[in-house]
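Reviewing the structure listed below.
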Amino acid sequence: MASLKIDVRTSGAGSPDLVTFFVKGNALPTGIPAEEFDGSPGSMVILRDRDHRTLLVGLGEKDKIEPDTLRRAAGTAIKHLLKLGSREVAFDLALYPDYVAPVVEGALLAGYKFEGFGTPVTKRTRGVLGKMQILVKEHELTHARVQAREAEIIATVTNTIRDIGNLPGNLLTPAILAEKAQELVQGRNLTVKVWNERQLKSDGFGGILAVGRGSVNPPRFIVLEYRGAKNKKETPIALIGKAVTFDTGGISIKPGAQMDEMKWDKMGGMAVLGILLAAAELKLPLNLVGLIPSAENMPGPDAYRPGDIITTLDGKTIEVLNTDAEGRIILADAIAHARLTYKPSAIIEYSTLTGAVVMALGFRRAGLFTAEDKLRDALIAAGKTTGELVWPLPIDDEYKEGTQSEVATVKNIGGREGSACTSATFLKTWAEEVPFVHLDIAGVAWTTKPPAHLEGGATGFGVRLTLQALRAGLLG
Ligand code: BES
Ligand code: ZN
Ligand code: ZN
């Protein structure tokens, strides 16, 4: 990942390529024919001077401009300029001082690409951005510098977890993920505790152990704590993320097509790691605990099987009817641990849980399941600001019937119909009375058909959404 230096100033230093935003309907600069550039969102036209280029980027109509419009426009511009070999870029924000943060975020997120491990072809064909300038008016400098710095923290952390997220299953096992979490907390105001397989056994994490049994790469449970509130003993908010480092489906094995994409089945856990890292760096005045159950779901000789009955951490039992519905099993243990150990004010849980939510909502919105009006409204509002959109779906006792078991507290699958909702209600069983939010990010955690402002691969969905809601003080 290229390391960037952001310089907030009143005019361009050197001869950077300049990005200027354009509102539809304004007068076009001389020399640009209207049929070549209409200013609609994402449209671009390039003007060449002797020593630099000016890229004009459309924002669309004035009254439809939102932070995400600028975030996407900045991302589209950076991707385009990198392809042209730009090394230094300045964004002219004299007319948009309130949009410094989204522009910095958009540029940094678009500038990230998973480099992989091949011959360094990508490095040769693709520019590396050395420095970025943000140009604002003199009296906006102080404000703009704070915005740029905070946005840089958030985008850099997001790119860090995208980079881990993009690692394939052979290079990122639960143990390696735990090591990475331990490395990343170094020098930050965060603590981390990791349970290995032996400790999981002695403490009774039956769900995480069952899912991990089929793999030679044993499971881990990672818990991060950030105590930033004045009162370190204040009840924390618990964030929980599914980190299945690879999901073959286990004995109920998945079909082969696109199975490689299941390396991204850890992105819920990655989001939680990112939120904790950024919260600590931003010094948010609140207490958070991040819980990441991690396992590899494989059909090895000791794999768990359909029909098995598993006892989870708090004694509730699960009848396994499909080993591919593994996320909810490891999450059950993590939710129980959060409830029993921290009595949190709320639990927010992130998982690539169901294919069904992708059928329902597609690739632009995550499914938001909660019975808490305040938390729901907060996350919908934060989604609009950050462009990480969420859409409410039901989680209530109507869906309990689907998971009723004759031999255990619940069974791990219901019918196909409404299965994203049945899964949400399944998870809520372990939250009991704690206010609970489930975000099914299966459709949004990665992209194989990236839009103009992003590269393909892990998106880091959930990091910006949650930080926005936390910073606005909306989550309690
Ligand atoms: N990780 C998958 C969900 C998934 C599927 C995410 C496709 C993204 C894209 C999860 O573990 C799973 O396999 N869920 C099953 C549940 C079913 C067996 C009840 C599903 O959704 O098909
Ligand atoms: Zn699965
Ligand atoms: Zn899965």
* Structure fact -> The set of residues whose placed amide H lies less than 5 Å from the amide H of Ala366, leaving out same-chain residues fewer than 5 positions away, is Leu389, Val390, Trp391
* Helix 419-431 versus the longest principal axis of the chain: what angle, 0 to 90°, nearest 10, using Cα atoms? -> 70
* Quick one: grab the alpha carbon gyration tensor of the range 298-366, order the square roots of its eigenvalues as a ≥ b ≥ c, and give me rounded if a/c is under 1.5, else prolate or oblate depending on whether a/b is larger than b/c. => oblate
* To do: Using only Cα atoms, tell me the angle between helix 373-386 and the longest principal axis of the chain; keep it within 0 to 90° and round to the nearest 10.
  => 40
* Proximal lysines to Lys62, defined as alpha-carbon separation beneath 25 angstrom and excluding residues fewer than eight positions away on the same chain -> Lys24, Lys79, Lys137, Lys384
* Order Trp264, Trp430, most accessible first, counting only protein heavy atoms with a 1.4 angstrom probe. => Trp264, Trp430
* Grab the DSSP H runs of the chain that are 4 residues or longer, score each as -39,500 (n - 2.57), total them, divide by all residues and round the 222 nm result to the nearest 500 deg cm²/dmol. => -10500 deg cm²/dmol
* To do: Taking the Cα centre of the chain as origin, work out the dipole magnitude from +1 charges on Lys and Arg Cβ and -1 charges on Asp and Glu Cβ, in debye rounded to 20.
  => 1160
* **Span from the the range 259-318 Cα centroid across to the the range 431-476 one, whole angstrom** => 15
* Is the shape of the chain best called rounded, prolate or oblate, per the rule: a/c under 1.5 gives rounded, else a/b larger than b/c gives prolate, else oblate, with a ≥ b ≥ c the square roots of the Cα gyration tensor eigenvalues? -> prolate
* Asked: What shape does the range 324-476 have by the C-alpha gyration tensor, where a ≥ b ≥ c are the square roots of the eigenvalues, rounded means a/c under 1.5, and otherwise prolate means a/b greater than b/c and oblate the rest?
  -> oblate
* Give the residue from Ile253, Gln404, Phe91 lying farthest towards the positive end of the charge dipole for the chain; charges sit on Cβ (+1 for Lys and Arg, -1 for Asp and Glu) and the dipole is referred to the Cα centre. => Phe91
* Structure fact -> The set of residues whose placed amide H lies less than 5 Å from the amide H of Arg213, leaving out same-chain residues fewer than 5 positions away, is Tyr304
* To do: Using θ = phi - 60° and the Karplus relation 6.51 cos²θ - 1.76 cosθ + 1.60, list the HN-Hα couplings for the range 84-98 in order, rounded to whole Hz, with x at every Gly or Pro.
  => 7, x, 4, 10, 9, 10, 10, 9, 7, 10, 4, 8, 10, x, 7
* Asked: In square angstrom, rounded to the nearest 10, how much accessible surface does Lys232 have for a 1.4 Å probe?
  -> 110
* Using θ = phi - 60° and the Karplus form 6.51 cos²θ - 1.76 cosθ + 1.60, what ³J(HN,Hα) does each residue of the range 281-296 get, whole Hz, x for Gly and Pro? -> 6, 7, 6, 4, x, 7, 9, 9, 10, x, 10, 10, x, 10, 8, 10
* Ranked highest first by the average count of other Cβ atoms within 10 Å around their residues, in what order do 66-73, 77-84, 434-441 fall? -> 434-441, 66-73, 77-84
* What accessible area, in Å² to the nearest ten, does a 1.4 Å probe give for Leu47? -> 60
* Leading residue at positive end of dipole, the chain (Cβ point charges), from Ile222, Gly14, Gly383 -> Gly14
* **Within the accessible area of the range 285-353 (1.4 Å probe), percent carbon and sulfur** => 55
* **Heavy-atom accessible area order for Arg162, Arg339, largest first, 1.4 Å probe** => Arg339, Arg162
* Roughly what angle does helix 327-342 make with the longest principal axis of the chain, taking Cα atoms, 0 to 90 degrees, to the nearest 10? -> 90
* Treating the beta-carbon of each Lys and Arg as +1 and of each Asp and Glu as -1, no other charges, what is the dipole magnitude of the range 359-460 about its Cα centre, to the nearest 20 debye? -> 480
* Ordered by packing density, taken as the mean number of other Cβ atoms within 10 Å over each peptide's residues, highest first, how do 151-157, 91-97, 385-391 rank? -> 151-157, 385-391, 91-97
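The values are calculated or read from the model by the stated rules, or taken from the named source; none is laboratory data. Here the structure is a predicted model, which is why all the values come from computation and not from measurement. In this analysis, Cβ positions are derived from the backbone assuming ideal geometry, glycine residues included, and neighbour counts consider all displayed protein chains. For accessibility, only protein heavy atoms count, side chains too; no ligands or nucleic acids. Shrake-Rupley method; radii C 1.70, N 1.55, O 1.52, S 1.80 Å.
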